[in-house]
Amino acid sequence: MKRVLTVALVLALSVGSAIAADLKIAVLAPLSGPVPSFGLSTKEGALLAIQEWNAKGGVLGRKIVPIVEDSQCTADPAVNAANKVINQDGVKFIIGEVCSGASIPVSEIANPAKVIEISPTSTNPNVTVDSKGNTKAYIFRACYIDPFQGGILAQFSAQRLKAKKAFIMYDQGNDYTVGLANAFEAQFKKLGGTIAGKETYTKTDTDFSAILSKIKDANPQVVLLPDYYNIVNLVTKQAKEKGINVPFVGGDGWDSSDLDLVSSAGCYYTNHYAPDDPRKEVQTFLKAYAAAYKDDSGKPKVPDALAVLAYDATNLLLQAIATAKTDDTTKVKTALEAIKFSAVSGLITFDKLHNPIKALTILSIKGGKVVFDSVVQP
């Protein structure tokens with residue numbers, strides 16, 4: 001009897017230990033490569049959410065342990081990072097990746113493994129939907145998608161900017177820019193506008209003079225540049241040097257503390273939130289972020305959209321785990337599908353394709369600052 005009790009006690013302790021084991025969550029972010037500011041913001045937003053949950057006792061009574069990997073916003077490094085966290089670290093939950101071109105291949109690894117992936121910022125529809133149009137059961141996102149974002153940019157250009165002629169330039173090898181360009185073109189034409197020109201470039205290009213000369217000759221009233229801030233900085237600077245002063249418009253990829261606010265003056269871009277939004281969720285987050293992170297000069301940092309969406313994505317995941325009362329990913333994904341969550345970027349519910357239904361913010365660049373312009377409801 002004594003032996004039986006001892007074995008039973010050991011088993012009980014083992015079960016209790018398993019229940020209380022740490023909960024691992026991977027954060028895949030581009031900490032190096034072409035857009036490192038995206039990675040830093042993503043890491044900071046996700047880690048802040050995890051810290052706040054851990055301060056309240058974690059989730060399901062378990063401490064949350066982040067595993068951060070540099071995925072570089074590029075397919076191969078992102079796939080390597082995903083394979084590492086899933087196969088070596090035993091992770092069942094991924095926050096990331098950031099760029100659509102990296103999130104799509106990661107989803108193709110995570111989904112069949114029943115690993116939940118929530119991308120904070122990947123807006124290409126193919127992140128959550130396969131080639132046959134079927135929803136990837138375990139893949140979600142915290143941001144709106146390119147057709148909505150691109151369509152709103154076209155609507156904004158036609159109605160708010162009164163543009164009747166637009167020029168489009170985009171990276172032909174980037175799923176994000178292609179998606180936005182296609183959505184913009186379709187909606188702009190639908191609204192009666194014409195496309196004065198459409199030119200492509202590659203991610204390694206640094207001299208855009210040939211395209212800019214065509215833009216100057218075409219004399220459009222608006223130029224769509226749906227790329228990331230590093231390309232936007234180069235293009236808008238060279239455009240100003242050529243005397244091109246028509247507004248450029250773009251997507252959330254513009255949002256970065258490294259955006260050149262002088263070169264991009266007079267331009268507009270879509271985003272996921274505005275720091276001057278008075279909602280409690282926004283202002284509480286701003287205070288927490290400022291307390292947690294400082295810039296190089298020691299001043300409190302103001303979070304960009306990447307930080308906001310990483311924070312929202314992490315909170316969505318942890319809330320779903322808490323609601324499901326288990327880390328069983330099948331039950332957690334069911335909880336996510338039914339969630340109604342007041343996030344920093346707005347009230348979030350999910351549609352059948354695992355895309356969030358929420359508002360879109362448009363920002364303008366004036367006087368060396370990014371300022372709120374308007375909000376568009378879905």
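The values are calculated or read from the model by the stated rules, or taken from the named source; none is laboratory data. All of these numbers come straight from a predicted model, not from anything done at the bench. In this analysis, Cβ positions are derived from the backbone assuming ideal geometry, glycine residues included, and neighbour counts consider all displayed protein chains.
Does any residue of segment 236-247 turn out to be among the aliphatic types (A, V, I, L, M), surrounded by 15 or more Cβ atoms within 10 Å (Cβ to Cβ) and in contact (Cβ under 8 Å) with a residue 40 or more places away in the chain? No, there is no match, as no residue in segment 236-247 is among the aliphatic types (A, V, I, L, M), surrounded by 15 or more Cβ atoms within 10 Å (Cβ to Cβ) and in contact (Cβ under 8 Å) with a residue 40 or more places away in the chain. Taken as a whole, the structure places K114 among residues that are surrounded by fewer than 18 Cβ atoms within 10 Å (Cβ to Cβ) and part of a loop (DSSP other than H, G, I, E, B).
For segment 112-121, the criterion of a residue being in the same structural domain as D89 (by TED's automatic domain parsing), closer than 21 Å to G173 by Cα and either touching a residue at least 12 places away in the same chain (Cβ under 8 Å) or under 12 Å from the mean Cα position of the chain (by Cα) (or both) is satisfied by at least one position. If the condition is being in a helix (DSSP H, G or I) and within 19 Å of the chain's Cα centre (by Cα), then segment 129-171 contributes D146, P147, F148, Q149, G150, G151, I152, L153. Check segment 334-343 and report whether any residue there is assigned to a helix (DSSP H, G or I), crowded, with 17+ Cβ neighbours inside 10 Å and free of Cβ contacts under 8 Å to residues at least 60 places away in the same chain. Checked segment 334-343: at least one residue is assigned to a helix (DSSP H, G or I), crowded, with 17+ Cβ neighbours inside 10 Å and free of Cβ contacts under 8 Å to residues at least 60 places away in the same chain. Which pairs have Cβ atoms under 8 Å, sit 6 or more apart or on different chains, and link a residue in segment 56-71 that is in a strand (DSSP E or B) to one that is at pLDDT below 95 and aliphatic (A, V, I, L, M)? Going by the 8 Å Cβ cut-off, the qualifying pairs are R62/I19; R62/A20; R62/A21. Give segment 296-317 a look and list any residue that's surrounded by fewer than 22 Cβ atoms within 10 Å (Cβ to Cβ) and either on the phi > 0 side of the Ramachandran plot or touching a residue at least 12 places away in the same chain (Cβ under 8 Å) (or both), or say none. Scanning segment 296-317 gives G298, K301, V302. Could you go through segment 99-111 and let me know if any residue there is assigned to a loop (DSSP other than H, G, I, E, B), within 29 Å of L234 (Cα to Cα) and either assigned by TED's automatic domain parsing to the domain that holds L286 or among the small types (G, A, S) (or both). Yes, that holds for at least one residue.
Hey, does segment 127-147 have a residue that's in contact with a Phe, Trp or Tyr (Cβ under 6 Å, 6 or more places away or on another chain) and surrounded by 24 or more Cβ atoms within 10 Å (Cβ to Cβ)? Looking through segment 127-147, none of the residues is in contact with a Phe, Trp or Tyr (Cβ under 6 Å, 6 or more places away or on another chain) and surrounded by 24 or more Cβ atoms within 10 Å (Cβ to Cβ).
Which count do you get for residues in segment 192-218 that are under 12 Å from M169 (Cβ atoms) and among the acidic types (D, E)? Total satisfying the criteria: 2.
For the condition in contact with a Cys (Cβ under 8 Å, 6 or more places away or on another chain) and over 22 Å from A274 (Cα atoms), T236 qualifies. Being under 27 Å from V59 (Cβ atoms), over 21 Å from the mean Cα position of the chain (by Cα), in a loop (DSSP other than H, G, I, E, B) and not assigned by TED's automatic domain parsing to the domain that holds T177, is that true of even one residue in segment 297-316? No, there is no match, as no residue in segment 297-316 is under 27 Å from V59 (Cβ atoms), over 21 Å from the mean Cα position of the chain (by Cα), in a loop (DSSP other than H, G, I, E, B) and not assigned by TED's automatic domain parsing to the domain that holds T177. Take segment 179-209 and flag every residue that is free of Cβ contacts under 8 Å to residues at least 24 places away in the same chain and either touching a strand residue (DSSP E or B) at 6+ places or on another chain (Cβ under 8 Å) or aromatic (F, W, Y) (or both). Within segment 179-209, just K189 meets the criteria.
Kindly check whether there is at least one residue in segment 365-378 that is in a strand (DSSP E or B), touching a Gly at 6+ places or on another chain (Cβ under 8 Å) and more than 18 Å from I139 (Cβ to Cβ). There is at least one residue in segment 365-378 that is in a strand (DSSP E or B), touching a Gly at 6+ places or on another chain (Cβ under 8 Å) and more than 18 Å from I139 (Cβ to Cβ). Of all residues being among the charged types (D, E, K, R) and in contact with a Ser or Thr (Cβ under 6 Å, 6 or more places away or on another chain) in segment 253-294, which is surrounded by the most Cβ atoms within 10 Å (Cβ to Cβ)? Just the residue, please. Taking the candidates together, the pick is E281.
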